[in-house]
Each structure stands twice: as C-alpha cells, then as structure tokens.
Amino acid sequence: MLPIKDIIPRRETPFVNYALIFINVIVFLYEVSLPPDLLNRFFYLFGLVPARYTHPEWAYFAGLHVDNYWPFFTNMFLHGSWFHLISNMWTLYIFGDNVEDRLGHFRYLIFYLLSGIAASITHFVFNADSVVPAVGASGAIAGVMGAYFVMFPFSKIITLIPIFFIPLFFEIPAVVFLGFWFFSQVVSGTFTLVANQNATGIAWWAHIGGFVFGMIFHRIFKKKDDYRDFYPDEVLMRYFR
C-alpha cells in the first residue's frame with residue numbers, strides 16, 4: 001500500500017516539516033558524495049550501533065567512543081538509499097503538516113526529535129548486541145504517524161494498491177491505514193525476536209517505539225484550541241462526522 005495523500009486541509013504552512021525534509025535531503029546528498037569506505041565509516045560514527053554501548057571492547061576495537069551518545073539523535077537524519085530517503089520523506093510530507101498544525105511549529109519540532117530519540121532507545125533495547133548501524137528518519141516519522149492516528153482517526157488516506165499490476169486507488173480511513181501499518185510492525189518486530197534474526201535489516205522496534213511515543217505524548221505538545229476553532233464548520237462536517 002502506497003499512501004498518496006490525505007484529505008485533511010492544513011491551516012498554516014508547515015515550515016518545520018519542510019525544513020526537516022530539506023535537512024534530510026541535504027545530508028543524504030552529502031552521503032552520496034562520499035566514497036564507499038568513508039560512507040561506511042560515516043554510518044558507524046553517526047548511525048546507532050547498539051553494540052557500541054553494550055560491548056565496549058568491540059567498540060574500542062572498531063574505533064567508536066562508548067561515551068558518545070549523539071548517535072541516538074544523529075541517526076534519524078541518515079538514510080541508506082534513495083528509496084529509503086524518498087519513502088520516508090514522502091510519508092513525512094503526507095502526515096507531518098496536519099500534526100504541525102495541531103502542535104505549532106516549535107512544539108512540533110521538539111515532538112519530532114523526541115519521537116526519534118524514543119525510537120532510537122527502543123531499537124537499542126531490543127537489539128542490544130547489534131553491530132549494524134541503524135539509520136533513518138522512520139522512527140521519528142512513526143511518532144508523527146502515531147500522533148496523526150489519535151488526532152485524525154476519521155481522515156481518509158488516498159492509497160495506491162496495485163492488484164495484478166493494475167494501480168487502483170482507495171480511500172482508507174486513517175485509523176485503518178495506520179492501525180494496519182502499526183500491526184505489521186509489531187508482527188515483524190516480534191518475529192525478529194522469536195527467530196533471533198532480522199534478514200530485512202529494518203528497525204521494526206524503532207518504528208514501534210516511535211509510534212507508541214507519538215500516540216501517548218503528542219497530548220503534551222498540543223495547542224489549546226479545539227478542532228472547531230481550527231477548521232471551518234463545513235470542513236468539520238465533512239471530515240469529522
């Protein structure tokens with residue numbers, strides 16, 4: 001399923017959301033300018049490598065400082081491929097603007113960054129021995145999706161679903177689309193624990209941690225105004241009935 005757009009209009013220009021997308025793109029362009037050996041080193045220095053903190057002997061051998069906790073933050077601005085970057089930024093573009101509307105620009109920025117850190121901590125807890133750098137904004141974006149899931153459950157997500165190579169478009173309620181996405185992350189994350197492996201290299205538990213954080217803690221950052229103050233009555237009648 002590929003989300004194309006949502007139907008909730010935004011009230012203000014999502015400056016922070018655009019800035020986050022811009023920063024991620026600039027960092028990725030810097031990544032692709034590096035030769036493979038330097039890029040690999042870059043990922044190990046600024047990506048989240050859990051074994052860096054749980055196996056100090058290995059970290060010392062790999063040239064990583066155990067007392068440097070910045071990777072819990074910096075990893076959310078790195079991406080491993082063009083597809084990784086584009087899929088993450090597209091998802092952030094779709095869901096981030098409405099969440100920024102509800103939280104306000106500055107509070108949205110803090111919320112996004114804390115969602116990413118919460119995702120990093122969750123990944124660390126469930127993958128403590130991993131020597132593979134975890135990179136990507138998907139944990140922070142999952143936090144945005146978790147907030148959207150609670151705040152806009154009756155929104156519709158225009159979704160592309162190819163059936164026998166025929167592209168078909170469906171309006172799927174946000175609570176269904178995001179609920180199914182979260183369920184798939186839990187199933188996949190649980191499988192990696194049971195099988196003690198992660199063949200896909202996807203940080204499932206980072207997604208889970210970010211989403212749960214967003215669901216619960218977005219309330220702290222919300223504006224005081226009500227939906228009736230935020231959207232015209234005709235919009236409310238159409239999207240929130």
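Here are a few things to note about the model shown:
- Scattering curve values for region 127-217, log₁₀ I(q)/I(0), Debye with Cα scatterers, q = 0.14, 0.15, 0.18 Å⁻¹: -0.60, -0.67, -0.88
- Residue-averaged 222 nm ellipticity for the chain, from DSSP H runs of 4+ at -39500 (n - 2.57), nearest 500: -20000 deg cm²/dmol
- Point-charge dipole on Cβ atoms (K/R +1, D/E -1) for the chain, about Cα centre, debye to 20: 420
- The gain in end-to-end length when the residue 216 to residue 87 segment is fully stretched comes to 44.0 nm, 0.36 nm per residue minus the alpha carbon separation.
- Scanning the chain for long hydrophobic helices, with DSSP H runs required to stretch 24 angstrom or more by C-alpha along their axis and to average at least -1.0 on the Kyte-Doolittle scale, returns 15-32, 82-103, 105-126, 174-195, 204-221.
- Residue (of 89, 151, 190) at the positive-pole extreme of the chain, dipole from beta-carbon charges: 151
- With the Kirkwood sum run over all distinct C-alpha pairs, region 30-121 has a hydrodynamic radius of 15.0 Å.
- Low-density loop positions, chymotrypsin sites (Phe, Trp or Tyr not before Pro), region 139-204 - DSSP coil, at most 13 other Cβ in 10 Å: 154, 164, 165
- Distance between the pseudo-spin-label points of residue 170 and residue 18 (7 Å out from Cα toward the beta carbon): 3.4 nm.
- Taking 0.36 nm per residue of separation and subtracting the Cα-Cα distance, full extension of the segment from residue 5 to residue 193 would add 64.3 nm.
- Highest-MSF residue in the chain out of 71, 162, 50 [GNM, Cα springs under 10 Å]: 162
- Separation between Cα centres of region 133-164 and region 76-112, rounded to whole Å: 10
- In this calculation the C-beta distance from residue 68 to residue 37 is compared with R0 = 30 Å, giving a FRET efficiency of 0.90.
- Based on Cα contacts under 8 Å between residues 6+ apart, the chain shows a relative contact order of 27 percent.
- If you run the Gaussian network model on the chain, springs between alpha carbon atoms under 10 Å, then out of 79, 218, 65 the most flexible one is 65.
Every number here is computed from the coordinates shown, using simple stated rules; none is lab data. Please read all numbers here as calculations on a predicted model, not as lab measurements. Methodologically, a virtual Cβ is constructed for each residue, glycine included, from the backbone with ideal geometry; neighbour enumeration extends over all protein chains shown.
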